[in-house]
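Everything below concerns the one structure shown next.
The values are calculated or read from the model by the stated rules, or taken from the named source; none is laboratory data. Quick caveat: nothing in here was measured; it's all calculated off a predicted structure. As a convention, Cβ positions derive from the backbone with ideal geometry for all residues, glycine included, and neighbour counts pool all protein chains shown. All accessible areas refer to the heavy atoms of the entire protein, side chains included, with ligands and DNA or RNA removed. Shrake-Rupley method; radii C 1.70, N 1.55, O 1.52, S 1.80 Å.
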Amino acid sequence: MSFSFLITGGAGFIGSNFIRYVQNKAPNLKIFNLDSLTYAGSFQNLQNLSNPKNHHFVKGDICNQDLVESILEEQEINTIVHFAAESHVDRSLQGPDAFIKTNILGTFSLLEAARKVWLGKKDFDRNEVRFHHISTDEVYGSLAPDEPAFKETTPYAPNSPYAATKASSDHLVRSYAHSFGLPITISNCSNNYGPYQFPEKLIPLMILNALTGNQLPIYGDGMQIRDWLYVDDHCDAIWTILNKGKVGESYNIGGGNQPPNIKIVKTICQILDKKDLPSGSAPHEQLITYVKDRPGHDRRYAMNISKIKNELGWEPKYDLESGLSTTVDWYLNNLDWLNAIIQEKDYENWVDLNYQQRGKA
Ligand code: NAD
Ligand code: DAU
């Protein structure tokens, strides 16, 4: 019997990086990529795969349980890696509906399909299948300056509609393990950055705006803290959990890089200042503009990664300096990708809507 992966959301930022990662680690593995190609998903993210023959794209919605069941049955899927989600906090503040549908109902649909197809088999062997759910540190809420980093045992306290839907999906996944014996693992990860990230998130947005001479909008005082992780490190952590993780467990993943947002943005400006760019915007820090804060903005995230480090031997390889410099170079070397994404995805309308709501501080 041959085994295959079902990767949901594989045309998005982390999912597409994960497909590249897996194709390097296991070139013969068959991958089925189920993605509905929302504004955040694109074929542009899946160009130049090392083994395109083993990547099978299925355009479809994870909420379509019949479709998911047929993929699981017909393609002998033994591993589901579930990335598909609405992922942007600002969008969840403007319209939570799609977040409820995809993040909660979509996860429910996948779980039900796995329950029916996998657990329904007479010769079901729980050691042969795995449902891995990709989640976020935002489920734990916000930390005060002197509070210790989030552990896997930290109580959930999601603050945004996005975080609440991710928390809800985590609970559903956990309940399917407890109630039905579905072999699951969950990972809760901090902020990712790197190639192919849609330019609505902080780092690619700042790079794009600096290159085009537009303002660099800093929400509130810019002293909010995230725990930044280079996307390859996240992919490596997921692969480690799939291979060595204990069924039923959750693992925190983080980068240990925790400067305030304003420091990140200034570092990007300094990296760009050193390049010979035609934008004429250097020094790029002059573009920094403080704008109204995000409502309910979480102040600080930090991940305690002792569990995955001690039990599975994973730790991040990139520090922020090398990760940011690699990322800026990637965007500069892939301006065609950036232009294609902006044109394909109704980008200007989103930017306008976001700024109408924010204005200047
Ligand atoms: P993304 O927004 O870049 O990509 C999401 C992908 O899911 C897109 O390709 C989109 O088309 C697809 N999708 C959305 N709704 C769908 C549906 N109903 N059916 C099928 N496909 C659908 O997201 P990302 O940043 O790559 O995040 C991937 C996962 O990782 C998400 O679950 C997110 O919550 C989690 N996560 C992200 C980060 C981060 O910093 N980006 C950190 C921790 C966890
Ligand atoms: O922590 C993990 C989460 O990280 C993931 O679960 C989410 O999917 C992902 O979007 C990300 O959420 P954030 O809200 O932290 O990411 P974002 O890039 O939107 O913002 C990072 C920080 O930068 C946050 O404090 C808000 C701030 N910010 C963001 C933008 C887009 C600005 O100051 N200006 C901006 O223009």
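Close amide H contacts of Ala302 (hydrogens built in the peptide plane, cut-off under 5 Å, sequence separation of 5 or more or a different chain): Phe150. Our estimate of slack between Leu49 and Thr326, defined as 0.36 nm per intervening residue step minus the Cα-Cα distance, is 97.8 nm.
Could you size up the charge dipole of region 264-352 around its Cα centre, putting +1 on the beta carbon of Lys and Arg and -1 on that of Asp and Glu, and report it in debye to the nearest 20?
440
Packing-based ranking of 95-105, 19-29, 121-131 yields 95-105, 19-29, 121-131, ordered from highest to lowest mean Cβ neighbour count within 10 Å.
Dividing the summed -39500 (n - 2.57) terms of all DSSP H runs of n ≥ 4 by the residue count of the chain sets its mean residue ellipticity at 222 nm at -12000 deg cm²/dmol. Straight-line reach from Lys309: taking Cα to Cα under 15 Å and skipping same-chain neighbours fewer than 8 places apart, the aspartates and glutamates in range are Glu152, Asp233, Asp236, Glu249. In the structure shown, the pairs Lys53/Lys317; Lys101/Lys121; Lys25/Lys122; Lys116/Lys246; Lys266/Lys292 are assessed against 21 Å; a Cα-Cα span above that value is assigned to Lys53/Lys317; Lys101/Lys121; Lys25/Lys122; Lys116/Lys246.
Computed from backbone phi, the HN-Hα couplings of region 44-56 come to 4, 7, 10, 6, 6, 5, 6, 9, x, 5, 9, 10, 10 Hz, rounded to whole numbers (Karplus: 6.51 cos²θ - 1.76 cosθ + 1.60, θ = phi - 60°; Gly and Pro given as x).
What is region 232-299 by shape, rounded, prolate or oblate, if you read a ≥ b ≥ c off the alpha carbon gyration tensor as root eigenvalues and call it rounded for a/c under 1.5, prolate for a/b larger than b/c, and oblate otherwise?
Working: a/c = 4.14, a/b = 1.91, b/c = 2.17.
Cα axes put region 232-299 in the oblate bin.
Between amide H atoms placed 1.01 Å from N, distances below 5 Å from Lys30 occur with Phe5, all of them 5 or more places distant or on a separate chain.
Can you bin region 38-119 into rounded, prolate or oblate? Criterion: square roots of the alpha carbon gyration tensor eigenvalues sorted a ≥ b ≥ c, rounded for a/c under 1.5, prolate for a/b above b/c, oblate for the rest. It is oblate, given that a/c is not under 1.5 and a/b is not larger than b/c. The simple spin-label model puts a point 7 Å past each Cα toward its Cβ; for Glu128 and Asn310 those points are separated by 3.6 nm. Spin-label model, Ser279/Asn214: points 7 Å from Cα along the beta carbon direction are separated by 1.1 nm. Between the beta carbons of Glu73 and His297, assuming R0 = 41 Å, the FRET efficiency works out to 0.40 to the nearest 0.05. Among the protein heavy atoms of region 161-250, carbon and sulfur supply 51% of the accessible surface, probe 1.4 Å, non-protein parts ignored. Within straight-line reach of Lys345, meaning a Cα separation under 12 Å, sit the following aspartates and glutamates at least 8 residues removed in sequence or on another chain: Glu200.
What percentage of the solvent-accessible surface of region 1-51, computed with a 1.4 Å probe over protein heavy atoms, is contributed by carbon and sulfur atoms?
Numbers: 960 of 1870 Å².
Exposed carbon and sulfur together represent 51 percent of the surface.
Working note: Karplus 6.51/-1.76/1.60 with θ = phi - 60° gives region 310-317 the couplings 6, 8, 10, x, 9, 8, x, 9 Hz, where Gly and Pro are set to x.
Look at the dipole of the chain built from charges on Cβ: of Asn310, Ala163, Leu335, the Cα furthest out on the positive end belongs to Asn310. 3J(HN,Hα) along region 80-89: 10, 10, 9, 9, 3, 6, 7, 10, 9, 4 Hz, from the Karplus curve 6.51 cos²θ - 1.76 cosθ + 1.60 with θ = phi - 60°, whole Hz, x for Gly and Pro. Projecting label points 7 angstrom from Cα along Cα→Cβ for Asp336 and Tyr156 puts them 4.4 nm apart.
Based on alpha-carbon centroids, what's the gap between region 33-90 and region 277-315 in Å, whole number please? What the calculation gives is 27 Å, centre to centre.
Under a 5 Å amide H cut-off, with hydrogens placed 1.01 Å from N, Thr79 pairs with Ser4, Leu6, Arg130 among residues at least 5 apart or on other chains.
Dipole check for region 27-102: with +1 at the C-beta of Lys and Arg, -1 at the C-beta of Asp and Glu, and the Cα centre as origin, the magnitude is about 340 Debye.
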